[in-house]
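Working notes for the structure below.
The values are calculated or read from the model by the stated rules, or taken from the named source; none is laboratory data. Everything numeric in this text was worked out from a predicted model, so none of it was measured. Glycine gets a Cβ as well: all are built from the backbone with ideal geometry, and neighbour counts include every protein chain shown. What goes into the accessible areas is simple: the full protein's heavy atoms, side chains included, and nothing from ligands, DNA or RNA. Shrake-Rupley method; radii C 1.70, N 1.55, O 1.52, S 1.80 Å.
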Amino acid sequence: MAERAPEDTVAVAIEDRIACVRFNRPEKRNCMSPDLNRRMLEVLVDLEFRDDVGVVVLGGEGTAWSAGMDLKEYFRENEEKGLWATRRAQREAYSWWERLRWYEKPTIAMVNGWCFGGAYGPLFACDLAVAAEDAQFGLSEINWGILPGGGASKVIAELTGFRNAMYHAMMGENVDGRKAAEWGLVNEAVPADRLEARVREIAGVLLGKNPHALRATKWAVRRVREMTYDNAEDYLIRAQEAANSFDAEGRKEATRQFIDDKTFKPGLGAYDLNKTRD
Ligand code: ACO
């Protein structure tokens, strides 16, 4: 088969304000080549500030979500070129994962199949994650003689308990979507034929929330993980005050709909965003 053009390594479809971005090298199980990494950053940057996009879903074409880094194009070919080529390729990969970790819009990983090694970077970068029950997750690094780098050791230590993390990293055995949910690698696992529908359902709920509050919330949850209680408390006061400076009307409108109009209850769902006055 002819080499896939760099711009075709990522597929994008936008429907109902949900941008579905897919790793698109199914013939290579969506492993991440330098071309794919460069393209993914371009795609994410393009989608981030578009008005017709409210949620980004990251999925995979074919039988894989992503089989991790491309052992040929990312590792071997760059190592042959020398240290700078390797460093450059690392930067290109890590930069889109970082962009995604601190993305302006909510993101959902839709893990449909194989998810290995380097793919734990974008998995962790997404705010939420749903897997097919039969998806396969593995830190296969140990199987080919390296440690789980590119953040993968950090990801597993962050997302699951110490014994699970050690076992997963040291044994090189895969776990399925159900176990991944049990361990906390994903929020939930659903039958493969329900995966897209469930992700769209979650995305639909997110689209009904105040987008400024959502961004502040997801950044807050990531930031406070590494803070003391006192620092977190202080950060959260300042983050809310900063949000008030550009989104003064949202919560006032919500309070009005609850207290005055009695048209919604915050404990039971989101206020009507369409009634917000600018
Ligand atoms: N790097 C480079 N090529 C890959 C990768 C990869 N990570 N994964 C799959 N491919 C290629 C295969 O070499 C093969 O190429 P070819 O058609 O030119 O021979 C093609 O994709 C299809 O792969 P198969 O192995 O034939 O597919 P199968 O469905 O049988 O197996 C599986 C899928 C289990 C994902 C297997 O391809 C595999 O083990 N891939 C490597 C997974 C891995 O360990 N990734 C690295 C993690 S560590 C890290 O990311 C730092």
If you check A254, A239, which single one turns out to be touching a helix residue (DSSP H, G or I) at 6+ places or on another chain (Cβ under 6 Å) and in a helix (DSSP H, G or I)? A239
Hits in region 126-141 (condition: surrounded by fewer than 22 Cβ atoms within 10 Å (Cβ to Cβ) and either more than 9 Å from the ligand (Cβ to nearest atom) or over 27 Å from R76 (Cβ atoms) (or both)): L128, E133, D134
What residue, among those in region 213-236 that are more than 20 Å from C126 (Cβ to Cβ) and in a helix (DSSP H, G or I), is most open to solvent (accessible area, probe 1.4 Å)? Y229
Working only within region 169-199, note down all residues that are out of contact with any strand residue (DSSP E or B) (no Cβ under 6 Å at 6 or more places or on another chain) and open to solvent by 70 Å² or more (accessible area, probe 1.4 Å). M170, M171, E173, K179, E182, D193, R194, E196
Would you check if Q136 is over 22 Å from E201 (Cβ atoms), touching a residue at least 60 places away in the same chain (Cβ under 8 Å) and polar (S, T, N, Q)? no
Among the residues of region 159-186 satisfying the criterion of being in contact (Cβ under 8 Å) with a residue 40 or more places away in the chain and in contact with a helix residue (DSSP H, G or I) (Cβ under 7 Å, 6 or more places away or on another chain), which is farthest from the ligand (Cβ to nearest atom)? V186
